[in-house]
Amino acid sequence: MSKLRLSVAVGPYDRTRALIDGSVQIDGVTPVCMTLSPEEIFFRAFRNAEFDICELSLSSSTVKTAQGNFPYVGVPAFVSRAFRHTSIYVRTDRIKKPADLKGKRVGLPEYQLTANVWARSILEDDFGVKPSDITWVRGGIEDADRPEKITIKLPPDVKLEAAPAGKSISTLLAEGAIDGFIAPRPPTIPGGHPHVGWLFPDPVAAAKDYFKRTGIFPIMHIVGVRRELVDKHPWLPCAVLKGFEQAKAKALDLLSDTSATKVTLPFVEERLHEARDLMGADFWSYGVAPNRKTLETFFRHHHSQGLSSRLVTPENLFHPSTLEAFKL
């Protein structure tokens, strides 16, 4: 059988590097790899399904799955995960604690971004601040005219308005026109600002406490395979998952080799030990079984926040062949 020549678009992470440099292969595939920013991949994938295999937003994938028009089939290789306590910025001269956000105005680049779903879930579950308690102001972090990637319809009690023409949410935060800011990237304020900072003064401590209480390490991105390819080649999703698993395993092996640090950052070995002590040896797990609680928590909040028209399940999003792992 000749190999399929397929485009693969992912971020340039240590956990994808082996696929990009060819030291790990996807069975049956000759890849044409592109390393792009998540924003570019998602925009091109959800607008035109340009890539055969690619990194995808968990939130956008959930929206499309609920609508029944997802152009990809999900693979549970979670190439991006992050605790989103670091994603919530506020005017520290006004906001001292999460409850202070009630009745306030908070900027975001897109309401449906995965990072924002998780941040709102933290505010609601841990501090009683509901999405309907805030007026949301949508605009680009840097570019005032950034659009939503996909069309969404929000509940009537959720207040979402566009940023003023020519104003980014970073500018609005610096000017004091909004009280907070939630996004995957920090606000762009040249030179910084004395009254702009994290909602959680020690977001790492807050994230560790969150994990100890919930066992959740939030998932941001999944991998998708174009649906028409899966219809023709049903073996492909499992092969893709296997390749991404092997690439991640290789990255962790290299990270654990302390003869010469693989990351341009001191104390990496100590941070690795800390992560494993807190979260277990397989702290960045792929597959549905070890991540079911995390996924179901996300789907529940996604639906309650009005982003998915029905409650999605892992079985709805991911290909059946990827739901169970092969064992000897």
- Qualifying residue in region 162-182 (condition: touching a residue at least 12 places away in the same chain (Cβ under 8 Å), within 19 Å of the chain's Cα centre (by Cα) and outside any helix (DSSP H, G or I)): yes
- Only one residue in S304, S259 is polar (S, T, N, Q), surrounded by fewer than 19 Cβ atoms within 10 Å (Cβ to Cβ) and either within 25 Å of V75 (Cα to Cα) or in contact with a strand residue (DSSP E or B) (Cβ under 7 Å, 6 or more places away or on another chain) (or both), so which one is that? S304
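Every residue, every condition in (1) touching a Lys or Arg at 6+ places or on another chain (Cβ under 6 Å); (2) within 19 Å of P290 (Cα to Cα); (3) of a type in the set (V, I, T), yes or no:
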| residue | (1), (2), (3) |
| --- | --- |
| T188 | no, no, yes |
| F200 | no, no, no |
| P203 | no, no, no |
| Y210 | no, yes, no |
| I216 | no, yes, yes |
| V223 | no, yes, yes |
| R226 | no, no, no |
| P234 | no, no, no |
| P237 | no, yes, no |
- Task: State whether one or more residues within region 89-109 are surrounded by fewer than 23 Cβ atoms within 10 Å (Cβ to Cβ), in the same structural domain as I182 (by TED's automatic domain parsing) and within 20 Å of the chain's Cα centre (by Cα).
- Result: no
- Can you work out which of the residues in region 246-287 that are among the polar types (S, T, N, Q) and over 24 Å from I216 (Cα atoms) is modelled with the highest pLDDT? T264
- Query: Which of (1) acidic (D, E); (2) crowded, with 24+ Cβ neighbours inside 10 Å; (3) over 19 Å from the mean Cα position of the chain (by Cα) does E55 not meet, given it meets every other one?
  - Reply: (3)
- Query: (1) surrounded by fewer than 19 Cβ atoms within 10 Å (Cβ to Cβ); (2) under 20 Å from A275 (Cα atoms): which one isn't true of A207, the others all being true?
  - Reply: (1)
- Among (1) touching a Gly at 6+ places or on another chain (Cβ under 8 Å); (2) not in a loop (DSSP other than H, G, I, E, B) - the single one L154 does not satisfy: (2)
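Okay, residues lined up against (1) touching a Pro at 6+ places or on another chain (Cβ under 6 Å); (2) free of Cβ contacts under 8 Å to residues at least 40 places away in the same chain; (3) of a type in the set (A, V, I, L, M, F, W, C):
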position: L254; (1), (2), (3): no, no, yes
position: K262; (1), (2), (3): no, no, no
position: V268; (1), (2), (3): no, yes, yes
position: A289; (1), (2), (3): no, yes, yes
position: F298; (1), (2), (3): no, no, yes
position: S309; (1), (2), (3): no, no, no
position: N316; (1), (2), (3): no, no, no
- Go through region 149-169 and give me each residue that's loosely packed, with under 14 Cβ neighbours inside 10 Å, modelled with pLDDT under 85 and closer than 18 Å to R120 by Cβ. K153
- Item | Top-ranked residue in region 62-75 [being surrounded by fewer than 24 Cβ atoms within 10 Å (Cβ to Cβ) and of a type in the set (S, T, N, Q); ranked as nearest to the chain's Cα centre (by Cα)] | T65
- Task: Check T65 against each of (1) in contact with a Leu (Cβ under 8 Å, 6 or more places away or on another chain); (2) under 15 Å from A119 (Cα atoms) and name the one condition it does not meet.
- Result: (2)
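The values are calculated or read from the model by the stated rules, or taken from the named source; none is laboratory data. What you see is a predicted model, and the numbers here were worked out from it, not measured in a lab. All Cβ positions, even for glycine, are placed from backbone atoms using ideal geometry, and neighbour counts span all protein chains on display.
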